[in-house]
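Just below is one structure, and these are the notes that go with it.
The values are calculated or read from the model by the stated rules, or taken from the named source; none is laboratory data. Being a predicted model, the structure only gives us computed values, none of them experimental. Virtual Cβ from ideal backbone geometry, glycine too; neighbours counted across all protein chains shown.
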Amino acid sequence: MTAFTTIPSLLALYRIDRDLHEFKNRLAAVMKDQVAIENNITRLNASLQELESAGRKLQATISTHDLDMKTRQEHIEKMRTSLNNAKTNKEYSAILVQISAEKEEVSKIETTILDFMGQLETNNKSATAVRDQLDLAQKSLDDSRQKSSQRVAELQSHLQELEIQRTRAMESVPAESRKQYDRICQRYPGDAMAPVDFNENDMETITCGGCFMGLNIEDVNLLRGRDEIRKCRSCGRILYLPEMLPQQASAS
Ligand SMILES: [Zn+2]
């Protein structure tokens, strides 16, 4: 057993990968709230931009109608002046009809402007509400970042340390075994290996510790006799015997 290198070197790598996976999950859990708040901020900023753009368009439409209304009002004033210069009753009445028509137009435009101003007010209220929500979200993000900054720093430094250990551990694994191991890692991140579970007194029941499917005595014998990779036929994980584990308590 002492001469074997394949499984023991893979086990060392596997234990580091298991920790890496675990600590990456912990970091992701700490960051999860912040990611959710950041997504909310992105969403709020997008709706604020839409509201502001709609507000600018409404303002422009109001200005156009306002200008139109003023031009017509000036026209009415001019026509009123020309009433005094009317030479006949017919001409006088004709101008009155024109004034009345133009007044009606002005009144319609006024209604339209009021309608747009109502829309603008609603739009501005919504924009203010979104700005308030953005302020709150930003505060809660700052808060969350401040609270978790120490924990995040600890986890990141631990992960860096594990990456260094991993690079070192990889150097001891034979190249071909490393390729196989990496392939299985893609399928089972941090969980590429599984112990063969059995009791020396009852070799009838031998199972894979990864998928709990049955294995046989040959798996145990070949693992004990050959320095090579043996995989579970059901789940494909690389098998190891509990006795191959280093004799120290596993770090948690
Ligand atoms: Zn299995």
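Examine the stretch 151-163 for a residue that is away from the ligand (no atom under 16 Å from the Cβ) and not assigned by TED's automatic domain parsing to the domain that holds Leu27, and state whether such a residue exists. Among the residues of the stretch 151-163, not one is away from the ligand (no atom under 16 Å from the Cβ) and not assigned by TED's automatic domain parsing to the domain that holds Leu27, which makes the answer no. Given the criteria within 11 Å of the ligand (Cβ to nearest atom) and either small (Gly, Ala, Ser) or modelled with pLDDT of 95 or more (or both), does Cys185 qualify? Criteria not met by Cys185. Evaluated against (1) surrounded by 12 or more Cβ atoms within 10 Å (Cβ to Cβ); (2) in a helix (DSSP H, G or I), Lys139 falls short on exactly one condition, (1).
Looking for whichever is surrounded by fewer than 16 Cβ atoms within 10 Å (Cβ to Cβ) and within 30 Å of Ala137 (Cα to Cα) here; the options are Ala86, Ala36, Ala3, Ala60. Which one fits?
Numbers: Ala86 fails: within 30 Å of Ala137 (Cα to Cα); Ala3 fails: within 30 Å of Ala137 (Cα to Cα); Ala60 fails: within 30 Å of Ala137 (Cα to Cα).
Checking each option against the conditions leaves just Ala36.
Which residue is nearest to Asp66 (Cα to Cα), if the candidates are limited to the stretch 76-114 and must be basic (Lys, Arg) and touching a residue at least 12 places away in the same chain (Cβ under 8 Å)? The extreme case among them is Lys103.
Per-residue answers, yes or no, for (1) more than 15 Å from Ser148 (Cα to Cα); (2) over 15 Å from the mean Cα position of the chain (by Cα):
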{"residue": "Thr6", "(1), (2)": "yes, yes"}
{"residue": "Arg15", "(1), (2)": "yes, yes"}
{"residue": "Ala28", "(1), (2)": "no, no"}
{"residue": "Asp33", "(1), (2)": "no, no"}
{"residue": "Ala36", "(1), (2)": "no, no"}
{"residue": "Asn40", "(1), (2)": "yes, no"}
{"residue": "Leu48", "(1), (2)": "yes, yes"}
{"residue": "Ala54", "(1), (2)": "yes, yes"}
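The single condition from (1) of a type outside the set (Lys, Arg); (2) surrounded by 15 or more Cβ atoms within 10 Å (Cβ to Cβ); (3) under 23 Å from the mean Cα position of the chain (by Cα) that Ile95 fails is (3).
The listed residues are Gly225, Gly236, Gly190, and the only one of them that is out of contact with any helix residue (DSSP H, G or I) (no Cβ under 8 Å at 6 or more places or on another chain) and small (Gly, Ala, Ser) turns out to be Gly225. Taking the stretch 193-224 as the range and being within 8 Å of the ligand (Cβ to nearest atom) and either part of a helix (DSSP H, G or I) or acidic (Asp, Glu) (or both) as the test, no residue passes. Cβ-Cβ distances below 6 Å connect the following pairs, each with a first residue in the stretch 227-247 that is without any contact (Cβ under 8 Å) to a residue 40 or more places away in the chain, a second residue that is within 14 Å of the ligand (Cβ to nearest atom) and part of a loop (DSSP other than H, G, I, E, B), and a separation of six or more residues or different chains: Ser234/Cys211; Ser234/Met213. As a summary of the residue check, Gly190 satisfies the conditions (1) under 37 Å from the mean Cα position of the chain (by Cα); (2) in a helix (DSSP H, G or I); (3) within 16 Å of the ligand (Cβ to nearest atom) except for the one numbered (2).
The lone criterion from (1) within 16 Å of the ligand (Cβ to nearest atom); (2) in contact with a Phe, Trp or Tyr (Cβ under 6 Å, 6 or more places away or on another chain); (3) over 19 Å from Leu20 (Cα atoms) left unmet by Asp227 is number (1). Any residue at all in the stretch 83-104 that is touching a strand residue (DSSP E or B) at 6+ places or on another chain (Cβ under 6 Å) and at pLDDT 95 or above? Within the stretch 83-104 (the criterion being touching a strand residue (DSSP E or B) at 6+ places or on another chain (Cβ under 6 Å) and at pLDDT 95 or above), the answer is no, since none of the residues qualifies.
For the stretch 193-208, the set of residues classified as out of contact with any Gly (no Cβ under 9 Å at 6 or more places or on another chain) and buried (at least 17 other Cβ atoms within 10 Å of the Cβ) consists of Phe198 only. Against the condition more than 16 Å from the ligand (Cβ to nearest atom), crowded, with 17+ Cβ neighbours inside 10 Å and of a type in the set (S, T, N, Q), how does Ser172 come out, does it pass? So Ser172 fails the test.
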